[in-house]
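The values are calculated or read from the model by the stated rules, or taken from the named source; none is laboratory data. Bear in mind that the values here come from a model prediction, so they are computed numbers and not experimental data. In this analysis, Cβ positions are derived from the backbone assuming ideal geometry, glycine residues included, and neighbour counts consider all displayed protein chains.
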Amino acid sequence: MSRYYLTTAIDYSNGDPHIGHAYEKVGADVVARFRRLVGEDVHFVIGMDEHGQKVAQEAAAQDRPPQELVDELAVRFESVWQRLNISHDDFIRTTEPRHTQAVQALVRRIQDTGDLYRDRYEGYYCTGCEAFKREAELEDGRCPIHPSREIAWTDEENWFFRLSAYTDRLVTHIEQHPEFIQPETRRNEILRLLEGGLDDISASRSRVPWGVPFPDEEGHTVYVWFDALPNYISAIGYPEAGFSDRWPAALHIIGKDITRFHCVIWPAMLLSAGLDLPDTVWGHGFVKIGGGKLSKSEASLLDLDQLIERHGPDAFRYFLLREIPWDRDRDFPSADAFLQQFDERYNSDLANDLGNLLNRSVAMALKYRDGVVTRSAATELDTVIDSGLEAYDTAMREHRLHEGLDAAMSIVRAANGFIDSEQPWKLAKDPAQEDRLDNVLAALVRALATTAVILEPFIPTKAAEMWKRLGGDELPSLEHLTGELPTTVPGRWDTVLFPRVEKESGGG
Ligand SMILES: [Zn+2]
């Protein structure tokens, strides 16, 4: 069984989870579930980034110990992931002892290679980014990503990492492994950045007590990114030998704003420590609503718990990946527009296309054949199912999740069109069309069973329910699907899979 280790960015502990966090976790969960569906041994890790100046400042502002703040947020994030059915195998927190030990071991190893040296840092530090900034990176004397924050001047004696020494090796690796940074736009951005050469970066902070103690250096903590990035190896047991059972990771999923840390600093740290690089870093785009400037009341419409409640967790997962391409940004003009689009998508795709197809097909199989579906020949719909499956598989393996989803839904749309054109109610009245009716009903059940399996990564609970309504037991893996197609539809259910909702306005 081939192994597939995937991770997401660990979430920074300074506020509640929002749509952007949910989008990333749901997308990663779709990848994890797809890989399990094709029979791989998946290990899926998410977690929390709990150190750094920003957390310390937030805790101080609330007059609480930072540990108390991060404990509370970890519970909050985990409860949302549970509600959204995120199927992670582990949840790593950077305040855990297993993480602290791994970071210190890695720092020591990098120190042994001679890539750390003491120097004085004098310059700007943006606590929003938790990053040092060159003068040239500022706009009007402020961080362009955090224009509302004052940027702080800092002057401290730090340990520095010889990042500049890795420029050429990184360029060579990226050029030789086009799959290393995806999608292509992100890869080009990093190559352009490397063309300009790299500065060495701080590996320690001497004025930030909330962090992993820097080995053998009283008063220093490990710089928060130097602390956060190794979560990908601390979660699988580094430096214990067993960690190499999972490492290197098949996939790091992150937001496009932190590709520099994952495609430059992290691989340079790994190279310095003599460790393998991850196969692929995927930098997804952003969900933007109202140009990123939402009023408080608008933001409250987009509360995650309410969004999950609105049409159920599966519908929210479906909507996120149906509307927001996994490789690009998506803008919604306002919170209202987002909700309206959500309601429309829910009704048209889930209640109408998918839900009705299931109802109609089950009803006809019961009415005309007492639920028993047998086939003697393939139909035009079977051809569409075969090509849909192929398109799905290709898109999903290349992480084009929105296209994989569309390939699955194209089978649903084709099946609805097939009912309209075949008119099984007419076939049922003509004794000469007995075989045709059998084949039409069998193709419809196959279309539904197939979509139940391939939609599982997107709508896990409803997909399993669909499979049961068709007479199946446990959802099979993709390779065993053909052998396990249901042959007897058990009977009607009192409820529908996705009840239609009437038009709502605003949040409700
Ligand atoms: Zn910033």
| request: With the condition kept exactly as written, say whether any residue in segment 158-180 is of a type in the set (A, V, I, L, M, F, W, C), part of a loop (DSSP other than H, G, I, E, B), touching a strand residue (DSSP E or B) at 6+ places or on another chain (Cβ under 9 Å) and away from the ligand (no atom under 16 Å from the Cβ). | output: yes
| task | Inspect all residues belonging to segment 3-26 and state whether any of them is surrounded by 16 or more Cβ atoms within 10 Å (Cβ to Cβ), touching a residue at least 24 places away in the same chain (Cβ under 8 Å), touching a Pro at 6+ places or on another chain (Cβ under 6 Å) and among the aliphatic types (A, V, I, L, M). | result | no
| field | Matching residues in segment 127-148 - criterion: being of a type in the set (Lys, Arg) and in contact with a strand residue (DSSP E or B) (Cβ under 8 Å, 6 or more places away or on another chain) | value | Lys133, Arg134
| request: Say whether the condition of being within 16 Å of the ligand (Cβ to nearest atom) and under 31 Å from the mean Cα position of the chain (by Cα) is met by at least one residue in segment 101-117. | output: no
| When you go through (1) surrounded by fewer than 19 Cβ atoms within 10 Å (Cβ to Cβ); (2) within 16 Å of the ligand (Cβ to nearest atom); (3) hydrophobic (A, V, I, L, M, F, W, C) one by one for Ala60, which number turns out not to apply? | (2)
| said: Between a residue in segment 467-484 that is in contact (Cβ under 8 Å) with a residue 24 or more places away in the chain and any residue that is of a type in the set (Ser, Thr, Tyr) and not in a helix (DSSP H, G or I), which pairs come within a Cβ distance under 8 Å, given they are 6 or more apart or on different chains? | reply: Gly471/Thr487; Gly471/Thr488
| message | What are the pairs with Cβ atoms under 9 angstrom where one residue, in segment 35-57, is of a type in the set (Val, Ile, Thr) and assigned to a loop (DSSP other than H, G, I, E, B) and the other, located anywhere, is modelled with pLDDT of 95 or more and surrounded by fewer than 22 Cβ atoms within 10 Å (Cβ to Cβ)? Sequence gap at least six, or different chains. | response | Val38/Asp393; Val38/Arg397
| request: Among the residues of segment 140-167, write down those that are out of contact with any helix residue (DSSP H, G or I) (no Cβ under 9 Å at 6 or more places or on another chain) and modelled with pLDDT of 95 or more. | output: Phe160, Ser164
| In segment 293-303, what count of residues is obtained for those that are more than 16 Å from Gln341 (Cα to Cα) and of a type in the set (A, V, I, L, M)? | 2
| field | One residue from Asp89, Asp49 being surrounded by fewer than 17 Cβ atoms within 10 Å (Cβ to Cβ) and modelled with pLDDT of 95 or more | value | Asp89
| task | For residues that are small (Gly, Ala, Ser), in a helix (DSSP H, G or I) and over 30 Å from the mean Cα position of the chain (by Cα), scanning just segment 406-450, find the one that is nearest to Val373 (Cα to Cα). | result | Ala442
| Could you count how many residues in segment 134-155 are polar (S, T, N, Q) and near the ligand (Cβ under 8 Å from one of its atoms)? | 0
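Each row is one residue, and each column tells you yes or no for (1) out of contact with any Ser or Thr (no Cβ under 9 Å at 6 or more places or on another chain); (2) within 19 Å of Asp327 (Cα to Cα); (3) not aromatic (Phe, Trp, Tyr).
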residue: Gly371; (1), (2), (3): no, no, yes
residue: Asp382; (1), (2), (3): yes, no, yes
residue: Asp386; (1), (2), (3): yes, no, yes
residue: Ala395; (1), (2), (3): yes, yes, yes
residue: Asp406; (1), (2), (3): yes, yes, yes
residue: Val412; (1), (2), (3): no, no, yes
residue: Ala415; (1), (2), (3): no, no, yes
residue: Glu422; (1), (2), (3): no, no, yes
residue: Asp435; (1), (2), (3): no, no, yes
| task | Within segment 451-485, count every residue that is part of a loop (DSSP other than H, G, I, E, B) and of a type in the set (D, E, K, R). | result | 3
